[in-house]
1. Need one number for segment 1-47: average projected area of the convex hull over its C-alpha atoms, nm².
2. What are the chymotrypsin sites (Phe, Trp or Tyr not before Pro) within segment 22-93 that DSSP puts in a loop, where the Cβ has at most 16 other Cβ atoms within 10 Å?
3. So if we plug the beta-carbon distance of Lys36 and Val6 into 1/(1 + (r/R0)^6) with R0 = 22 Å, what FRET efficiency do we get, rounded to 0.05?
4. Starting from the Cα-Cα distance between Ala50 and Ala25, subtract it from 0.36 nm times their residue separation and give me the gain in nm to one decimal.
5. Just name one of Gly73, Phe57, Ser89: the one whose Cα is farthest towards the positive end of the charge dipole of the chain (beta-carbon charges, Lys/Arg +1, Asp/Glu -1).
6. Using only the alpha-carbon atoms, how far is helix 76-85 inclined from the longest principal axis of the chain? Give it as 0 to 90 degrees, nearest 10.
7. If you look for lysine pairs in the chain that are eight or more places apart or on different chains, how many of them have Cα atoms under 15 Å apart?
8. Put a dot 7 Å past each Cα toward the Cβ at Glu18 and Glu78; how far apart are the dots in nm?
Amino acid sequence: MSLRTVLISLQALLCNPEPSDPQDAVVAGQLLSHPKIFSHIAKQWTRLFASGPTKPFEDKEFDDKVATLINMGVKKGEAVSVLSNHNLSIQHAVERYFS
């Protein structure tokens, strides 16, 4: 398989998400049941992990939730992940992480 073929396949997956046949069941479920939260989280992950050193926008509420978890001893990447998996609910994220 050539690099070109791999990139074309990846582009097709990114351009046409198929929540009924997901690569990630949590993300697909979120897209179907909470589309606004899904969109918000997608923007956050892009901002945090794909924007380079200059962040395109700030989101104080999200950043504060991540900081709260970090202050509890959670690593930043894990904090972002657990918040994302629990629809940005700090309460549910804390319960899940520390249970």
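1. Numbers: hull surface 15.8 nm².
Average of the hull's projected areas for segment 1-47 equals 3.9 nm².
2. Phe57
3. It comes out at approximately 0.10.
4. Gain on stretching Ala50 to Ala25: 6.8 nm.
5. Of the candidates, Phe57 comes out farthest on the positive side.
6. So the helix axis and the longest Cα principal axis differ by about 80 degrees.
7. Number of lysine pairs found: 4.
8. 3.5
Every number here is computed from the coordinates shown, using simple stated rules; none is lab data. Bear in mind that the values here come from a model prediction, so they are computed numbers and not experimental data. As a convention, Cβ positions derive from the backbone with ideal geometry for all residues, glycine included, and neighbour counts pool all protein chains shown.
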